[in-house]
Amino acid sequence: MRVLHVIAGLSASDGGPARAVQECATASAERGHEVRVLVTDAGLDVGTLQRLRDDADVAYDVFSHVGRGPLRVSSGLHQSVRSRVGEVDVVHVHSLYMPHTLVTLRAALRAGVPCVVRPHGTLGRYQRRHGRSRKLLWDLATGQTRMLRAEGVVIHAVSPVEAAEILEVLPDGHVEVAELGVAAVEVRQAADRPTALFLGRIADKKRLDVLFSAMGEIVASQRDTGSTPVLVLAGERPTDAGRVDRMLDEAGIRPLVERVGVVEHEHKAALLASAWCTVLLSEDENFGVAVAESLLAGVPVVVSDRVAVSEFVKAHPVAGRVVPVADVPAAAHAIGRLLTRPLGLDKRRELQALAVEQFGLEGLGVRLDRLYQAAGAVVP
């Protein structure tokens, strides 16, 4: 089967969605499918570009672009979509309310090629509350919603929670659930010092203010114990610095925070290995790639009840704790418990084994085959 992915960017600063596309492409390639990814060069450094070009399993075509954010435009990418769509068995396009999505949907519908659309949370309740006017104007001008309802188009939800929220606005849409997956890394012993890890983009919905306040409470409660925890902040870009500084000062924990910027590959694996827990207290996550990465490293998590992966955490006590969103005392208690004593290697391996069953790459490939079949592709 020939699979074509289309996405606006694969920079590490784009967060989980960019990582998920690469994992999807790899998972399908490992099942023997011919996979190509069309992407712009937005935010890609020389090392990342070379890594994409050197990938032996997935073909990456990278195109120059103009504009930024949702108005990122690449005439080369658009032309490639139009010329290649008739040569593939299924198209998988990522994000909505962006030019590349419109070009891909129109080309696939015109060619009669099954098209899978992953909205990246844009059809969920949280995102629907933001930028309503802009999205309404976009839809009126482009007919995006009409195309999403068309025969041969399947909307890819990455959790049952996201699927239910999509059906609230598209009750006649064809929505299928295929949870994402990530590669497992070697399980190692945690660092000697109690270490909490935040891994992800700096954004309002991530509720770093809650995390920082919770860490402040933990530090205050443990002041006389001689054991001071550290918070590692991974994912911060240079443009985030001032904003993060202000939040850290308000919580009074700046000296206890290690800021390592955007991390990938070996650096990320090393951070995960050393962490006693990973924390994600978001107001909204339709999946939670950073959480899955942590679980697959055998590292327990503290997540809010708005993170879709929290259902897995609830079902498996070894996976960590789930707390109400924006509840500082609950977050402080849960993080504090996990920073009291790290999981031993045996428990970490047990957690990883559970996570592999749910979020491993092999299972992802099977789920994607079913998704593409649902869209009308013939899967050998």
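Computed from the coordinates by the stated procedures, all read-outs in this text should not be read as laboratory data. In this text, all values refer to a predicted model and were calculated from it rather than measured experimentally. Every residue, glycine as well, gets a Cβ built from its backbone with ideal geometry; the counts of neighbours run over all protein chains shown.
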Say R0 is 56 Å: what FRET efficiency, to the nearest 0.05, do Q79 and R243 get from their beta-carbon distance? 0.90
Over the chain, calculate the relative contact order: mean separation of alpha carbon pairs under 8 Å at least 6 apart, over the residue count, as a percent. 17
Please work out how much length the chain gains when fully extended from R128 to R254, using 0.36 nm per residue of separation minus the C-alpha to C-alpha distance, in nm with one decimal. 42.0 nm
Report, in whole Å, the centroid distance computed from the Cα atoms of segment 210-262 and segment 268-317. 18
Candidate lysines for bridging to K205, where Cα separation is under 20 Å - those fewer than 8 sequence places away on the same chain excluded: K135
Rounded to the nearest 10 degrees, what's the angle between the helix 75-84 long axis and the longest principal axis of the chain, both from Cα atoms, 0 to 90? 60
Work out the length of the dipole vector of segment 195-359 about its Cα centre, built from +1 on the beta-carbon of each Lys and Arg and -1 on the beta-carbon of each Asp and Glu, and round it to the nearest 20 debye. 240
Scan of the chain for trypsin sites (Lys or Arg not before Pro) in DSSP loops with at most 15 other beta-carbon atoms within 10 Å gives a longest site-free stretch of 224-380
Can you give the angle from 0 to 90° between the axis of helix 132-142 and the longest principal axis of the chain, with both taken from C-alpha atoms, to the nearest 10? 20
For the chain, with +1 on Lys and Arg beta carbons and -1 on Asp and Glu, the positive-most of L256, V91, V322 along the dipole: V91
If I fit a long axis through the Cα atoms of helix 99-111 and take the longest principal axis of the Cα atoms of the chain, what angle between them do I get, 0 to 90°, rounded to 10? 40
Let me have the 222 nm mean residue ellipticity of the chain computed from DSSP H runs of 4+ only, each contributing -39500 (n - 2.57), with the sum over all residues rounded to the nearest 500. -13000 deg cm²/dmol
Among G216, V182, T228 the positive-end extreme of the charge dipole of segment 165-258 (Cβ point charges): T228
Rounded if a/c under 1.5, otherwise prolate or oblate - segment 218-286, Cα gyration tensor axes: oblate
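Determine one quarter of the surface area of the Cα convex hull of the chain, which equals its mean projected area, and express it in nm² to one decimal.
17.9
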What nm value, rounded to one decimal, do you get for the distance between R337 and V379 when each label is placed 7 Å out toward the C-beta? 3.8
